[in-house]
Amino acid sequence: MKELVTGEMRVKTPKTEALESASRWEEEKYEDGVKWKFLEHNGPCFPAEYQPLPSNVHFLYDGKKVKLSLEAEEVAFFFAQMLDHEYTTKKVFRENYFKDWRKEMTNEERSLIKDLDKCDFGEIHAMHKAKVEARKNMTKEEKLVVKEANQKVVEEYGYCLLDHHKERIGNFKIEPPGLFRGRGEHPKQGMLKKRIQPEDVIINCSKEARVPKPPAGHRWKEVRRDNSVTWLASWTENIQGSIKYIMLNANSKLKGEKDWEKYEIARKLKLCVDDIRNQYGQDLKSKQMVTRQRAVALYFIDKLALRAGNEKEEGETADTVGCCSLRVEHITLHEKLEGNECVVEFDFLGKDSIRYYNKVPVITKVFKNLKLFLENKQPGDDLFDRLNTGMLNKHLGSLMAGLSAKVFRTYNASITLQQQLKELTNKSDNEPEKLLSYNRANRAVAILCNHQRAPPKTFDQSMANLQAKIDARKETLALEKTELKQAKKEAKTRNSSDPKLQNLVERKKAAVKRCEEQLLKLELQATDREENKQISLGTSKLNYLDPRISVAWCKNTEVPIEKIYNKSLRDKFAWAIDMTEEDFEF
DNA sequence: CTGCGAACTTAGAACACCAGCT
DNA sequence: AGCTGGTGTTCTAAGTTCGCAG
């Protein structure tokens, strides 16, 4: 797989070879599995120690002041900090919290503090809020001092040397302790996320490199020399027992090449997607139940851009599903619905407990299979009881090198963007109109991939404000128009060759035009914002849309790339900006 | 196969910051 | 100068994939 992709990736050469940034994408690849030859860094940055409460701030239990041990106090502080958050009102959160908090208490504390409802974190909460407020109200000079200090930290910990290049590290800070904030109905929400010590951390760097110094009085858990992986440091977190990594920034060579490769695989799928669709179309009639289930799952993944859907351990995480883990209760079949036949109604929680709700007309063969899969099953049973992601991906891998379920999301997202841009963009449009078209194309993808966001709390207000602006502009425009008419009339009835009057007419004309443009711009903005209320465009832009489509579109429409990519996006997609010509086709 | 863990990508929320307004 | 809304950045949770051991 690696070979196939790498070969194709070399076809197009960046045109600005002289530039270091461009030629970087052309360096020799290492043998399979080797990610680097030299890696040196300063290790991760640890969060500050807990600062004990000042003597005038108290924790109260059952109305009485209680001086807590340092350990118990720190954990009390975590809860106090979150008091404004909905989390602290949730039963599971509170129970998990209290259980873990009590583990940090001394015997004495534990025998006293037996009921979270009797705990009063008010003073601690107030102190925390005051601190946040004070930080906000710092003078310019004070803020500058903080900024410079942060800058120092970035300089020290934010970069590494990987082969010949100084690279930015993505997350060089160890995650601070706190209360676990799982998404949705997470059974572990509120548990104590423990402070990570250097003794928990594995460092990865090359043999020749200077080993980072652990904080004074501490040692690393291990120093590893593994160049088959890209991480610089890792530790195991205590909530799920999973490993956390310190890795490079998205603008690094290593991440950039991987991203490029991802889009090349998706383009390869474009070449064989018709065959694959024919194949699973045939498989819908297979005698083998597994094959039929696989075919229907693939149909969903392809048509609806569903995620693969691995099984999850019950009780460890929120109850969410993807394609292969769909249960009977997540779909409803309608022979007829709203004028369509064979409609599948989906309603389930996907990644991050985001709801997926969709009514989709499907082909008869799929519909019939679904009916079959539902026979004699309970709501809680698996829809695809003979299938899992491993089997599905194994099959996909045999159809095309490098193919897995998620490639369909990348492919369908990118191809949709390209099609939509072609359909929506008019050469003759002005820039704001072109940008609206781009956003609409982007939005079509976000809807396909179900990238949602909570509507901004201030949404209705800010929409009303914008509308008020539009109304005001309309009034001004009407006024300007009347004035223009007046000026024209005067110029006609009086001496029409009076240059002063002619000049006035011209000026009024210009004013009207300017006003109209501003109005249009505002109206486009309003449309864009309204359509975007619950949709997040960023995720697809960052993860699913081949940047070369966007770069080529910018070149074709003469829209500056800055209008659609901010600085970090331009850095991340530097490879695409460097190499893409206006005739690029995904 | 199947189960498991490691490594890496993808995701929305929270937070920080800054431009444009009053 | 202070406010505010919107954008960009940071954070870290939650997915996918793959390879390995049994």
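The values are calculated or read from the model by the stated rules, or taken from the named source; none is laboratory data. Keep in mind that this is a model prediction, so the values were computed, not measured. Every residue, glycine as well, gets a Cβ built from its backbone with ideal geometry; the counts of neighbours run over all protein chains shown. With ligands, DNA and RNA removed, areas are computed over all heavy atoms of the protein, side chains included. Shrake-Rupley method; radii C 1.70, N 1.55, O 1.52, S 1.80 Å.
Some points to look at:
- A:Lys147 surrounded by fewer than 11 Cβ atoms within 10 Å (Cβ to Cβ) and under 28 Å from the mean Cα position of the chain (by Cα): yes
- Residues located in segment A:281-310, provided they are more than 24 Å from A:Tyr356 (Cα to Cα), without any contact (Cβ under 8 Å) to a residue 40 or more places away in the chain and either assigned to a helix (DSSP H, G or I) or within 16 Å of DNA strand C (Cβ to nearest atom) (or both): A:Gln282, A:Asp283, A:Thr291
- A:Glu95, sole failed condition from (1) touching a residue at least 60 places away in the same chain (Cβ under 8 Å); (2) of a type in the set (D, E, K, R); (3) outside any helix (DSSP H, G or I): (3)
- Candidates A:Val343, A:Val328 - the one that is open to solvent by less than 80 Å² (accessible area, probe 1.4 Å), touching a strand residue (DSSP E or B) at 6+ places or on another chain (Cβ under 9 Å) and more than 26 Å from A:Met391 (Cβ to Cβ): A:Val343
- Criterion: small (Gly, Ala, Ser) and buried (at least 17 other Cβ atoms within 10 Å of the Cβ) - qualifying residue of A:Ser234, A:Ser228: A:Ser234
- Any hit, segment A:124-137, residues being over 30 Å from A:Asn227 (Cβ atoms), away from DNA strand B (no atom under 16 Å from the Cβ) and at pLDDT 95 or above: no
- Filter result for A:Val512 (part of a loop (DSSP other than H, G, I, E, B) and open to solvent by less than 70 Å² (accessible area, probe 1.4 Å)): no
- Here A:Phe373, A:Phe384 are screened, and the one residue that is surrounded by 13 or more Cβ atoms within 10 Å (Cβ to Cβ) and either of a type in the set (S, T, N, Q) or assigned to a helix (DSSP H, G or I) (or both) is A:Phe373.
- Scanning segment A:80-128 for residues that are β-branched (Val, Ile, Thr) and in contact with a helix residue (DSSP H, G or I) (Cβ under 6 Å, 6 or more places away or on another chain) yields a single hit, A:Ile124.
- Against the list (1) closer than 30 Å to A:Ser206 by Cα; (2) within 16 Å of DNA strand B (Cβ to nearest atom), the condition A:His164 fails is (2).
- Residues that are open to solvent by 30 Å² or more (accessible area, probe 1.4 Å) and in a loop (DSSP other than H, G, I, E, B), drawn from segment A:237-263: A:Asn238, A:Gln240, A:Gly241, A:Ser242, A:Met247, A:Asn249, A:Ala250, A:Asn251
- Residue that is nearest to DNA strand C (Cβ to nearest atom), among those in segment A:256-280 that are in contact with a Lys or Arg (Cβ under 8 Å, 6 or more places away or on another chain) and of a type outside the set (Ser, Thr, Tyr): A:Asp259
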